[in-house]
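The values are calculated or read from the model by the stated rules, or taken from the named source; none is laboratory data. No experiment lies behind these values; they were computed from the predicted model shown. Backbone-built Cβ (ideal geometry, glycine too); neighbour counts: all protein chains shown.
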Amino acid sequence: MQIFTCPFCGPREETEFHFGAEAGKARPEPAPEISDAAWADYLYMNEAPRGRAREIWVHLTCGEFFVMERDTVTREVLTVAALPGREA
Amino acid sequence: MHDYSAFALLRRGLTGHRGWRPAWRKARPKPAYDAVIVGGGGHGLATAYYLARRHGMRRIAVLEKGWLGGGNTGRNTTAVRSNYFYPESVALYDLALRLYEGLSRELNYNVMLSQRGMLIAAHTPAQMEICARIANAMRLNSVDGELMSGEAAVRRIPLLNQEAGARYRCLGGIWQGRAGVARHDAVAWGYARAASDLGVDIVEGCTVTDLLTEGGRVTGVETDMGTIRAERVGLAAAGATPALAAKAGVRLPIHTYALQAFVSEPVKPCLDTVLLYLGTGTYLSQSDKGELVIGGGLDRVPTHGQRGNLPAQETVLSGLLEMFPPFGQLRLLRQWAGVVDVVPDSSPVIGPAGPEGLYLNCGWGTGGFKAIPAGGWLLAHLMATGTHHEISRPFDLGRFAEGRLIDEAAGAGIAH
Ligand SMILES: Cc1cc2nc3c(=O)[nH]c(=O)nc-3n(C[C@H](O)[C@H](O)[C@H](O)COP(=O)(O)OP(=O)(O)OC[C@H]3O[C@@H](n4cnc5c(N)ncnc54)[C@H](O)[C@@H]3O)c2cc1C
Ligand SMILES: [Zn+2]
């Protein structure tokens, strides 16, 4: 069992967390001007990086989304931080 | 083609097993090919074989960074079946199953296909309704499928926990008689041997590090054994495909997760079919050696590390023990994981990548072993003709922008 750290609740078991998405995706706006390809890119396309990754996770127990930096090969957690504007 | 006839086995057996020849040539890469395939798993090797066999192409190479089948192909639990929901999926997976049915003869290599049938078991009335829906869909799509009653299921699998207090008492489920298992290594090795005999260069220990493009056209690959020119490049590298495709500016809808499997110590025959339980997500079969081969759902943490985490093990194994309490006495011999390429709609991506001459065969996720003959057949068709086969067209990368997803996970409620 791996321990992840929620920026709000502290260290908890990995099963309390859920992967959300790769970090850094900005919703393209304004919607009527966005091409299908750009929208599909936003919705579906990923880097699936090998090694260092920045990801959005949710701590299911408290419901907060946050940023976690991890190594996707070793699974080591590098940093966790609240989303901008959501700092505790 | 050198063979493994009873006579050859006897002769070699009596002479100390000396003189066996390697099943495929260990090739060094040439400077240029008509077609290069990245990834020596089942899909890459089958692609090379069909390019040579069906399309008469000769200057073909398969580049594999490790050893053949050392990716997911050699790590999988070998269930083959075509009990899917959507017509597009059934067309794809049943093409694969039909090719599997003739594969040992086609390759002159025993892939040990054992069509022992598969039950997708339900334990609630709602699940039984879903099973009826899928079984009906299978029949509408001209594939053998039927709704099996609870009594028939227990007759087929007497060890199933039917105690009054059982958490997941089996009510029946979907039965596909043509489903079964095949030998994973044999599939990779059989395609490799047959392709090699047709002149395909199979290069192991060769990592592709970059894709070369000129004016929107792919012109070759960069490898740790030097530059290799190619008119067409096929990517069949499972979880490594997104990083490779990115070299040509192509983005893919793939996340990589570990998927684990487990093997128990060998026991006397006790399970002569493949069983997948909807309620627990755990599935299993018994190998010829008597080991139980057990699998389940994905780990929930995206990774490129080929090893699994404990929570997923707990889920799979506690599911197993709910279904078969006596298996609690068994010891596990081995546990391992592969890095699988998961797509949001749980359907593969097959088609042109974007840059001319670059083609994709990836996104098989947890269930691409059963599809190897079809994946190879379809990628070969694409690479030889430049256009889709009618069976691969729905699986084009373009389906994401067009909103034509083939959402099999939801449609068929499958784990792998
Ligand atoms: C535990 C487990 C159980 C499974 N159970 C089943 C099952 O019961 N039934 C089923 O149908 N499917 C199952 N699957 C899924 C199935 O194994 C895969 O979908 C299938 O094997 C994919 O084949 P492939 O040829 O696309 O990929 P792989 O076999 O992974 O081959 C890709 C190859 O590409 C190579 N490669 C990667 N990067 C490079 C590079 N840069 N240069 C050169 N080579 C490279 C890799 O080394 C690898 O050998 C399971 C998978 C796992 C992990
Ligand atoms: Zn929290």
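Brief remarks on what is shown
- Subset of the stretch A:40-55 that is surrounded by fewer than 17 Cβ atoms within 10 Å (Cβ to Cβ) and more than 16 Å from ligand 1 (Cβ to nearest atom) - its residue that is nearest to the chain's Cα centre (by Cα): A:Arg54
- In the stretch B:5-28, of all residues being in a helix (DSSP H, G or I) and small (Gly, Ala, Ser), the one that is farthest from B:Gly66 (Cα to Cα) corresponds to B:Ala6.
- Residue within the stretch A:67-77 that is assigned to a loop (DSSP other than H, G, I, E, B), away from ligand 2 (no atom under 16 Å from the Cβ) and either away from every other protein chain (no Cβ under 12 Å) or free of Cβ contacts under 8 Å to residues at least 12 places away in the same chain (or both) present: yes
- Of residues in the stretch B:325-370 being over 11 Å from the mean Cα position of the chain (by Cα) and hydroxyl-bearing (Ser, Thr, Tyr), the one nearest to B:Ile294 (Cα to Cα): B:Ser346
- Filtered residues of the stretch B:314-330 (kept if at the interface with another protein chain (Cβ under 10 Å from one of its Cβ atoms) and surrounded by 15 or more Cβ atoms within 10 Å (Cβ to Cβ)): B:Thr315
- Residues that are assigned by TED's automatic domain parsing to the domain that holds B:Leu198 and without any contact (Cβ under 8 Å) to a residue 40 or more places away in the chain do occur in the stretch B:82-103.
- Residue selected from the stretch B:331-351 under the condition away from chain A (no Cβ under 12 Å) and part of a loop (DSSP other than H, G, I, E, B), by the criterion farthest from ligand 1 (Cβ to nearest atom): B:Arg331
- Candidates B:Val267, B:Val221, B:Val250, B:Val263: the one that is buried (at least 21 other Cβ atoms within 10 Å of the Cβ) and either in the same structural domain as B:Ala126 (by TED's automatic domain parsing) or within 30 Å of B:Gly351 (Cα to Cα) (or both) is B:Val221.
- Residues that are within 12 Å of the chain's Cα centre (by Cα) and not acidic (Asp, Glu) do not occur anywhere in the stretch A:26-39.
- Where strands (runs of 3 or more DSSP E) sit wholly within the stretch A:1-61, those with at least 3 residues that are touching a Gly at 6+ places or on another chain (Cβ under 9 Å), at pLDDT 95 or above and more than 12 Å from ligand 2 (Cβ to nearest atom) occupy A:52-59.
- Members of the stretch B:261-304 found to be within 14 Å of chain A (Cβ to nearest Cβ) and under 19 Å from the mean Cα position of the chain (by Cα), listed by number: B:Gly297, B:Leu298, B:Asp299, B:His304
- Taken as a whole, the condition of being hydrophobic (A, V, I, L, M, F, W, C) and in a helix (DSSP H, G or I) does not apply to B:Ala121.
- If the condition is being more than 8 Å from chain B (Cβ to nearest Cβ), of a type outside the set (D, E, K, R) and more than 15 Å from the chain's Cα centre (by Cα), then the stretch A:9-25 contributes A:Cys9, A:Gly10, A:Pro11.
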